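A short write-up of the structure that comes next.
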Amino acid sequence: MSHTLNIYEPLSIEAIRAEFPILQTKVLYGGHPLVYLDNAATTQKPTVVLEALDEYYKTINANVHRGVHYLSQRATDAFEEARRKVASFINARYDYEIIFTRGTTNGINTVSSTFGRAFLRPGDEVLISAMEHHSNIVPWQMACEYYGATLKVIPMNERGELDQAAFATLIRGRVKILALTYVSNSLGTVNPIRDMIRTAHTYGVPVLIDAAQAVQHMPVDVQDLDCDFLVFSSHKIYGPTGIGVLYGKEEWLNKLPPHEGGGEMIKTVTFGKTTYNDLPFKFEAGTPDMSGAIGLKAALDYVDSIGIDRIQLAEEALMSYALDALSTVPGIRFIGEAEHRSGVISFLLAEHHPFDVGELLDKQGIAVRTGHHCCQPVMDFLDIAGTVRASFSIYNTPSDVDSLVTALQKAGRILG
Ligand code: PLP
């Protein structure tokens with residue numbers, strides 16, 4: 001595969017597919033070739049990531065930061081190199097603004113609980129949006145409950161776009177923090193976060209961006225966005241499970257208390273008093289996921305070797321092909337029709353339950369997700385039980401879309 005960075009040079013998707021061993025799977029029941037369209041839930045892993053994990057355990061496994069011996073130093077160097085990679089991938093100003101977490105959920109909980117402890121008081125407000133994943137609702141709800149604050153919600157319209165007029169009013173309240181998804185995992189909406197961050201800042205409100213569905217599809221530059229916190233999960237960007245990233249501006253991370261206590265996050269400990277370590281270690285109690293960080297670095301190197309701009313162009317072309325092709329399916333109804341969308345197409349087939357449709361697709365080798373996608377409030381707002389969600393990645397092809405269309409037509413016929 002040629003890894004040049006000319007964004008207009010078409011990608012060789014077949015060469016890319018060859019780097020993902022699992023895509024060769026034949027789905028058991030009928031020997032159908034796997035059509036994997038559940039990428040918003042998790043992405044598959046290229047060989048370079050699998051090899052990096054294998055290599056780590058075979059050649060450099062040791063606990064980081066604490067050892068003077070050869071392997072520990074090598075493991076520490078590799079771990080810290082992974083941090084630098086993440087910093088450069090999202091253009092953080094400093095490496096120590098990158099905290100390794102267990103994933104998006106863990107990153108949000110880290111901010112909600114520490115921010116809550118430091119800043120939320122009775123009468124304060126936390127502002128989120130109507131299209132958040134449960135992991136950007138529940139932690140804030142818990143913090144509000146604990147500190148006597150109120151959760152406020154920016155409403156959306158039927159197309160799945162946030163109501164900007166309502167936002168302009170809500171942000172003038174007693175909002176202490178805005179927590180917002182960049183891209184909706186249930187509707188595919190790309191929110192105008194740059195403008196919303198700017199508005200929030202004019203009222204002195206810091207902003208956390210949930211980039212779980214963004215970093216794998218579009219360039220994300222935290223300095224350009226000027227967000228105060230940003231979180232994402234490695235497993236959704238071709239990396240291993242169990243690790244993720246919390247970016248925080250230095251000034252904010254320094255203002256927050258530590259999240260968990262333990263080894264690594266301390267400078268000195270006596271029974272009387274503990275002093276805390278500097279960034280980023282203050283937020284990394286205990287042995288970190290060393291292999292995960294190294295696997296994530298390999299994944300980000302992989303993305304860079306193709307170029308996120310080229311990935312974005314290729315995926316946008318595939319999305320528009322998919323929207324055209326799917327609209328020919330009798331009885332299809334798209335759920336979420338925002339002007340700016342990425343990665344995800346949610347739909348219903350006539351009056352059929354999404355689960356029945358998903359099962360019939362599975363029987364034809366097609367992996368999609370059905371249900372509420374951890375966005376029950378979105379489903380309640382739209383008055384539906386759930387959707388069928390096809391979500392795309394760099395290794396998906398127009399032929400995957402054609403298979404989905406044919407399988408949906410068949411499912412429609414079977415279900416009547
Ligand atoms: N936020 C969004 C927008 C998501 O799509 C997801 C996962 O689907 C999450 C948060 C939670 O991610 P994780 O389960 O990796 O912590």
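The C-alpha atoms of segment 186-319 occupy a region whose extents along the principal axes are 61, 41, 25 Å, arranged from largest to smallest. Size descriptors for the chain (Cα atoms only): Rg and Dmax, in that order, 22.0, 72 Å.
Quick check: the distance between the Cα centres of segment 265-296 and segment 385-408, to the nearest angstrom? Comparing the Cα centres of segment 265-296 and segment 385-408, I get a distance of 42 Å. Out of all DSSP beta bridges with both ends in the chain, state the antiparallel percent to the nearest 5. The antiparallel fraction comes to roughly 60 percent.
Each residue of segment 128-136 was assigned a 3J(HN,Hα) from its phi angle through the Karplus curve 6.51 cos²θ - 1.76 cosθ + 1.60 (θ = phi - 60°); the sequence is 10, 10, 5, 10, 6, 5, 3, 6, 10 Hz, with glycine and proline shown as x. Taking trypsin sites (Lys or Arg not before Pro) across segment 325-416, none is in a DSSP loop with at most 10 further Cβ atoms lying within 10 angstrom of its Cβ. Each of Trp252, Trp140 was scored by other Cβ atoms within 10 Å of its Cβ. Arranged with the fewest first, they read Trp252, Trp140.
Under a 5 Å amide H cut-off, with hydrogens placed 1.01 Å from N, Asp38 pairs with Ser391 among residues at least 5 apart or on other chains.
Shown here for segment 288-387: GluC sites (Glu not before Pro) in loop regions (DSSP other than H, G, I, E, B) with at most 10 other Cβ atoms within 10 Å, namely Glu339, Glu351. Loop-located trypsin sites (Lys or Arg not before Pro) across segment 241-304 with a Cβ neighbour count of 16 or fewer within 10 Å are Lys273, with loop assigned by DSSP. Per-residue ellipticity at 222 nm from helix content only, as computed over the chain with -39500 (n - 2.57) for each DSSP H run of at least four residues, stands at -11500 deg cm²/dmol. Listed cross-link partners Lys45/Lys236; Lys249/Lys282; Lys176/Lys249; Lys26/Lys297; Lys58/Lys85 are compared with a 18 Å cut-off, the Cα-Cα value being larger for Lys26/Lys297; Lys58/Lys85.
The phi torsions of segment 64-73, fed into the Karplus equation with coefficients 6.51, -1.76 and 1.60 and a -60° offset, translate into couplings of 8, 6, 9, x, 9, 7, 3, 5, 4, 5 Hz, rounded to whole numbers, with Gly and Pro shown as x. Can you tally the net charge around Phe347? Count Lys and Arg as +1, Asp and Glu as -1, for every other residue whose Cβ sits under 10 Å from the Cβ of Phe347. Neighbourhood net charge equals +2.
Values in this text are rule-based calculations from the coordinates and carry no lab data. Fair warning: this is a prediction, and the values are worked out from it, not measured in the lab. FYI the Cβ positions are ideal-geometry reconstructions off the backbone, even for glycines, and counts take in every protein chain you see.
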